[in-house]
Amino acid sequence: MSKATVIASGLLGAVIVLIAYTIFLNPPQEMPSVEIISKSTKAVVAEDAAPKDKKLSLVEIFEKTESGVVRVNVKRPDNDPRGPGGIGSGFVYDKDGHVITNDHVVARAEKISITFLDGRSYKASIVGQDAFTDLAVIKVNASSDVLQPLEIGNSSSLKVGEPIAAIGNPFGLSGSMTSGIVSALGRLLPTQDRGFQIPDIIQTDAAINPGNSGGPLLNMDGQVIGINTAIQSETGEFAGVGFAIPSNTVQKIVPSLIKENHYHHPWVGISGRDIDPDLADVLHLKDARGFMVINVLEDSPAEKAGLRGTTETREVDGLRYQIGGDIILSVDGKTVRKIDDILIHLQREKSVGDEMLLQILRDGKITDVVITLSERPNSNAPMLNNTNSANSTQK
């Protein structure tokens, strides 16, 4: 297998628990002896030193969430390139029997069943799917006592280095829990065969393996802050870099999947490339930032707003550069360093029918362009596309 970003048929994030080593410096002349501190004073000191919002232990997180995590078993057509069977993970979303998992887990499924960690199994049906965020909702008819929804947290509050935990079914091993940290935020996850990128992804050092996809990534309050979906690997198995869809994306997409069976994505309709130092030199730009438009798709919001693609090619040091296209410098007042910034803004803030203000550099002059976002017309039309982005492999 070539070096690639792998979207596993089932993945699970793993969290490495950080151990803080505190070095106590005890200058004797500045520290009161133990004997002169009363018991009541000790209690007050201990209470004051304790964190105001105590986090759960890994044991407590597992006990709090295990009843809401499920194994997803899928039967596909015999001619499916991934094989006729598959295993993933998921979690209970509400008391109506809706279960969240990855779209690639249940894509092309003929039969779906879910199994709770206590061994009870139920048939499930697909309610809604969204390939562009790799989310899917399936439903089971189970009694209220069986359905224990997990609490959804706020992924926008995550910080790099924060400890996290996950529960899922790696290699079909049900009820497996791992732990680690948030490695990065706001990643862009390319896909190999669909021609688009999934924005605003959480990166984790989780031990992700086939069977974990769709499982919850949890903070230390036991809240779902992500859906484990992919890994970067040379072998197809965990290599230290995993990816999860943030819970805020889940909260935005899932209600529409339940109500309408799909989500209406806004789109811009351009392809292009990030401004790197070499291209900045070719274009005589002071700063290597922004996104240059190369192609504008016909009848797209970008075309209707008058955005321009590249008009010529220039060769420098044996390399050919497309030049002359509009360079997007900001969206709604937010600086654009690269395509990730535009896609994350679209994902987090924008809906079909919204206007978006672009500040662009055209012919050496900065100007504003207002785009009215319409719905992406079909599964092959990206919101935006980076012509230099890496490919990934679907499993």
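No lab work stands behind these numbers, since they all come straight from the coordinates. Here the structure is a predicted model, which is why all the values come from computation and not from measurement. Cβ placement follows ideal geometry from the backbone for every residue including glycine, while neighbour counts extend to all protein chains displayed.
Would you kindly state how much longer the chain becomes between Leu285 and Thr367 on full extension, computed as 0.36 nm times their sequence separation minus their alpha carbon distance, in nm to one decimal?
27.9 nm
Quick one: which residues, 5+ away or cross-chain, put their amide H under 5 Å from the amide H of Asp96? H built at 1.01 Å from N.
none
Using a cut-off of 12 Å between beta-carbons, work out the net charge of the residues near Lys111 (Lys and Arg +1, Asp and Glu -1, Lys111 not included).
+3
Take Glu162 and Glu63, extend 7 Å from each Cα along the Cα→Cβ direction, and tell me the distance between the two endpoints in nm.
Simple spin-label model gives 2.4 nm for this pair.
Please arrange Val224, Val254 by how many other C-beta atoms lie within 10 Å of their C-beta, fewest to most.
If I rank by nearby Cβ atoms, fewest first, I get Val254, Val224.
Label segment 116-161 by shape, choosing from rounded, prolate and oblate, from the square roots a ≥ b ≥ c of the eigenvalues of the Cα gyration tensor; if a/c is under 1.5 it is rounded, and otherwise prolate applies when a/b is larger than b/c, oblate when it is not.
oblate
How would segment 266-375 be classified by its alpha-carbon gyration tensor: rounded, prolate or oblate, with rounded meaning a/c under 1.5 and the a/b versus b/c comparison settling the rest?
Verdict is prolate for segment 266-375.
Could you calculate the contour length gain from Lys111 to Phe171, that is, 0.36 nm times the residue separation minus the distance between their Cα atoms, to one decimal place in nm?
Contour length minus the Cα-Cα distance gives 19.6 nm.
Distance check, please: which entries in Lys55/Lys123; Lys75/Lys95; Lys252/Lys286; Lys55/Lys111 exceed 32 angstrom between their Cα atoms?
Going by Cα-Cα distance, Lys55/Lys123; Lys252/Lys286; Lys55/Lys111 fall outside the 32 Å limit.
Post the alpha-carbon centroid distance, segment 116-187 to segment 296-352, in whole angstrom.
35
Between Gln148 and Ser351, 0.36 nm times their residue separation minus their Cα-Cα distance comes to what?
70.0 nm
Using label points projected 7 Å from each Cα along Cα→Cβ, tell me how many nm separate Lys259 and Lys123, to one decimal.
3.0
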